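Any read-out appearing in this document is the output of simple, stated calculations on the displayed coordinates, not a laboratory observation. Because the structure is predicted, anything quoted here is derived from the model rather than measured. Positions of Cβ are backbone-derived with ideal geometry, glycine not excepted, and every protein chain shown enters the neighbour counts.
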Amino acid sequence: MSWIYKTSPLKDISQFPDNTYGFVYIVTHKPSGKSYIGKKILNFTRKVKLGKKELAALQGTVGRKPKYKTVVKESDWKTYYGSQPQIKHLIKEGKSEEFERTILQLCPDKKSLTYYELKYQMIYEVLEKPDKFFNDNILGKFFTKDLTGIKFKDHLEDIK
């Protein structure tokens, strides 16, 4: 099953605009109606120490020689459904066809990716609707369990 963006399926990384760092998504489990909002990067970037052959090839160059190189590898975005344990369990049971994967926002960098993930999680009130969302935390700082028994509107009346 592919990702859907603006009604079109995305099956290959070449279908994304050139400046896309990652995307914010919503994954919906059709039988239960529960969803999960998260973010995914398209490429993993890591520093790798240069080997002996690579270092030897740099002999004779002027200036400071690099000790590391940057390696870019496509992420697992094609097969990704989310990091939430319940979703992972359902996928492991072979129930990936029960999910619908939709891209909400494409982002050009890491900062905007985190911002838009947070924005969509707040707009959809993922922590306030545990019966509709798998999300149990936002940014690893705000948890559903911390909000039980609190109604936002109750506090608005105190301000007036």
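Starting from a Cα-only point model with no solvent, please compute log10 I(q)/I(0) by Debye for the chain at q = 0.12, 0.13 1/Å.
-0.67, -0.74
For the chain, what does the relative contact order come out to in percent, with C-alpha contacts under 8 Å and a separation of six or more?
The normalised contact order for the chain reaches 30 percent.
If one puts a single equal scatterer on every Cα of region 57-137 and applies the Debye formula without solvent, what log₁₀ I(q)/I(0) results at q = 0.16, 0.22 Å⁻¹?
With one equal scatterer per Cα and no solvent, log10 I(q)/I(0) is -0.81, -1.27.
May I ask you to list the trypsin sites (Lys or Arg not before Pro) in region 22-65 that are in a DSSP loop and have at most 12 other Cβ atoms within 10 Å of their Cβ?
Answer in residue order: ARG64.
Filter the cross-link list LYS52/LYS73; LYS52/LYS78; LYS47/LYS95; LYS69/LYS111; LYS11/LYS119; LYS11/LYS39 down to pairs whose alpha-carbon distance in this structure exceeds 29 Å.
Table pairs above 29 Å Cα-Cα are LYS52/LYS78; LYS47/LYS95.
Toward the positive end of the charge dipole of region 3-109, about the Cα centre and with charges on Cβ (Lys, Arg +1; Asp, Glu -1), which of PRO108, GLY51, THR70 goes farthest?
Toward the positive end, the furthest listed residue is GLY51.
Which value, in debye to the nearest 20, gives the size of the charge dipole of the chain about its Cα centre, when Lys and Arg are +1 and Asp and Glu are -1 at the Cβ?
It works out to roughly 1100 debye.
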